[in-house]
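First the structure, in the form of structure tokens, and then the observations on it.
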Amino acid sequence: PAVFTGRGSSEILSLSPELSHLLRSLGHRKGVTLFMTMLAAFDVLLSLYSGQTDFLVGTDIANRDHSTTESLIGFFVNQLVLRVDLAGDPTFNELLERVKEVTLNGYAHQEAPFEKVVDMLNPQRNLSQAPLFQVKLVVQYASTGEQELPELAIGGVEAEGSVAKLDLTLMIYDRSEEHTSELQSRS
């Protein structure tokens, strides 16, 4: 939209345990993570629907690579921008290799603060869009179930309303036997 409203909608989808197992097996055979497999599949879908072959996809990175930050409480998440090029009509295996290379290069530079990257690149800005990417993929490996501590129960809370910060966000929740995904889109 010409003016960003923040309105959006979301759709929840659960992948069967069989499909989840096949995704894990594929990644294991090809030496890639679930995130890399899902990024490759997401890029294929983006290409099919948009007709484009070159994408900037954002993702969150935990940014806790140093032993000094592992035990700290707080928000250390940084944004990474991963550029995947599907030019030349690669096979899915070739695309997985491209995605693996791009992702590992991104991880190698994960400490560069996203705000600094935006400042250095100084892209033409539109206040209705996030800088550098409008599509995001996040794979959440942490448990989303209830946690119990002495005299304290911790659990997730469903958020009311539909807000979308980007044009399209795919969140995948990796559970032991199945994957649940949430696709958010801006309207």
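What number comes out for the charge environment of T91, summing +1 per Lys or Arg and -1 per Asp or Glu over other residues with Cβ under 11 Å away?
Local charge sum for T91: -2.
Compare I172, I154 by solvent-accessible area with a 1.4 Å probe and give them largest first, with all protein chains kept in place. Intermediate values should be presented prior to the final figure.
On the way: I172 5, I154 75 Å².
Ranking I172, I154 by accessible area, largest first, yields I154, I172.
Please calculate the 1.4 Å probe accessible area of V163, with all protein chains present, and give it to the nearest 10 Å².
For V163, the solvent-accessible surface is approximately 110 Å².
How do R98, R29 stack up against each other in accessible area, from largest to smallest, with a 1.4 angstrom probe?
Per-residue accessible area, sorted high to low, gives R29, R98.
Subtracting the Cα-Cα distance from 0.36 nm times the residue separation, let me have the gained length for L149 to L19 in nm, one decimal.
In short, 43.4 nm is gained.
The values are calculated or read from the model by the stated rules, or taken from the named source; none is laboratory data. This one's a predicted model, so the numbers in the text were calculated from it and none came from an experiment. Using ideal geometry, Cβ is built from the backbone for each residue, glycine included, and neighbour counts are taken over all protein chains shown. Surface accessibility is based on the protein's heavy atoms, side chains included, excluding ligands, DNA and RNA. Shrake-Rupley method; radii C 1.70, N 1.55, O 1.52, S 1.80 Å.
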